[in-house]
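Here the structure comes first, spelled out in structure tokens, and everything after it is commentary.
The values are calculated or read from the model by the stated rules, or taken from the named source; none is laboratory data. Treat the numbers as computed from the prediction; the structure is a model and nothing was measured. Note that each Cβ is placed from the backbone with ideal geometry, even for glycine, and that neighbours are counted across all protein chains shown.
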Amino acid sequence: MTWLQFALAAPAIYALTNFIDKYLLERIIKDSRGMAVYTGFSGLLVGTVLWVVNGFPILSLRDSVLVLLTGVLSIWGFAAYYEALLQESTSKIIILFQMTPIFTLVLSMLVLKESITLTALLGFLLILFAAINMSSTDERGRFKFSKAFFLIMITDLFIAAAYIIFRFVVEGSSFVKIISYESWGIFLGAVLLYLIFPRVRRAAKTNNQRMSVLGVGAIVMNESIYLAAKLFTYSAISLGSAALVSVIEGTQVFYGILYGAILTIIAPKIFKEDISKDGILRTLFFAALAFVGIILLK
């Protein structure tokens with residue numbers, strides 16, 4: 001496969017995992033606060049399998065700590081994402097994910113002392129405008145953010161922080177080595193959530209009492225699919241331009257709209273996307289706006 005094929009496949013798979021997450025939370029996981037625990041154990045299993053398959057790669061102590069930290073931050077962010085996914089339609093959540101480059105840009109300025117161009121600033125404003133409009137409601141003439149907006153902002157912040165840390169490692173290590181350690185970091189982050197927050201422990205215990213083997217298999221499968229998308233992204237970056245790959249990943253918003261419309265028709269009791277003409281046009285407009293913003297940020 002060429003870098004372009006890898007780059008196009010990754011966002012399509014990412015969007016698919018978002019809808020699988022929605023299904024798992026609606027039909028299999030009884031308490032969303034316990035979902036991060038299952039994701040963590042899936043990360044441990046899949047990451048270890050990849051580590052063995054790739055010949056037991058060893059990172060330096062410094063790189064190991066940094067990559068593990070990116071995994072910890074990622075799962076902490078996804079803990080908020082799982083709750084948001086129950087509050088809002090999946091296609092809107094995917095659009096809100098496009099705020100991650102904004103947080104990455106801000107953190108790059110603060111931590112890496114990078115500067116921002118006028119073009120990037122315009123992209124920043126376009127993404128912000130799209131995200132705000134997709135997540136706000138107008139009740140009795142008052143402007144109000146949805147709960148999902150703030151939850152995904154937490155997710156975006158944690159993921160952006162993970163990206164910044166990742167930059168200190170990526171040039172010195174291969175992606176295949178890194179992804180196993182990052183998966184272990186996801187497991188470590190899930191364990192910390194379990195130990196620190198009583199609500200997470202109670203949710204995990206409640207889910208364990210009702211969880212079937214099929215349910216656990218579905219969660220592990222989805223984590224494997226997500227890691228496959230990551231490998232596609234890393235492969236595309238290794239073969240082509242990182243900037244172009246990042247832009248192409250922005251097409252995830254359009255896959256989200258397409259999947260949402262199809263799944264709402266097939267399974268309306270689970271997926272409740274707005275598939276009215278006005279709803280789809282509105283979502284497409286703000287998705288396109290966010291995509292243009294992503295292009296300008298690169």
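Out of curiosity, is F254 within 16 Å of the chain's Cα centre (by Cα), without any contact (Cβ under 8 Å) to a residue 60 or more places away in the chain and surrounded by 14 or more Cβ atoms within 10 Å (Cβ to Cβ)?
On the way: within 16 Å of the chain's Cα centre (by Cα): yes; without any contact (Cβ under 8 Å) to a residue 60 or more places away in the chain: yes; surrounded by 14 or more Cβ atoms within 10 Å (Cβ to Cβ): yes.
Judged against the criteria, F254 is a match.
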Hey, F145 under 28 Å from Y38 (Cα atoms), of a type outside the set (A, V, I, L, M) and free of Cβ contacts under 8 Å to residues at least 60 places away in the same chain or not: no
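Quick one: is L258 modelled with pLDDT of 90 or more and under 19 Å from F291 (Cα atoms)? Spell out the reasoning first.
Details: modelled with pLDDT of 90 or more: yes; under 19 Å from F291 (Cα atoms): yes.
The answer is yes for L258.
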Residue match in segment 15-29 (condition: under 18 Å from L195 (Cβ atoms), crowded, with 23+ Cβ neighbours inside 10 Å and either in contact (Cβ under 8 Å) with a residue 12 or more places away in the chain or among the acidic types (D, E) (or both)): no
Candidates K205, K230 - the one that is closer than 16 Å to I13 by Cβ and either of a type in the set (S, T, Y) or surrounded by fewer than 20 Cβ atoms within 10 Å (Cβ to Cβ) (or both): K230
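Name every residue in segment 265-284 that is surrounded by 13 or more Cβ atoms within 10 Å (Cβ to Cβ) and assigned to a helix (DSSP H, G or I), in order of residue number. Break it down stepwise before answering.
Filtering segment 265-284 down to residues surrounded by 13 or more Cβ atoms within 10 Å (Cβ to Cβ) leaves 267, 270-275, 279-280, 282-284.
Within segment 265-284, G279, I280, R282, T283, L284 qualify.
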Selection count where residues are among the small types (G, A, S) and either in contact with a Lys or Arg (Cβ under 6 Å, 6 or more places away or on another chain) or free of Cβ contacts under 8 Å to residues at least 40 places away in the same chain (or both), scope segment 268-298: 3
Residue ranges of helices (runs of 4 or more DSSP H) in segment 41-127 with at least 3 members within 29 Å of E26 (Cα to Cα): 61-87, 90-96
Subset of segment 151-201 that is out of contact with any helix residue (DSSP H, G or I) (no Cβ under 9 Å at 6 or more places or on another chain) and farther than 14 Å from V72 by Cβ - its residue that is surrounded by the most Cβ atoms within 10 Å (Cβ to Cβ): P198
Search result, residues across segment 146-196 that are in contact with a Pro (Cβ under 9 Å, 6 or more places away or on another chain), at pLDDT below 85 and polar (S, T, N, Q): S173, S174
Unmet requirement for E249, which otherwise passes all of (1) out of contact with any helix residue (DSSP H, G or I) (no Cβ under 8 Å at 6 or more places or on another chain); (2) touching a residue at least 40 places away in the same chain (Cβ under 8 Å): (1)
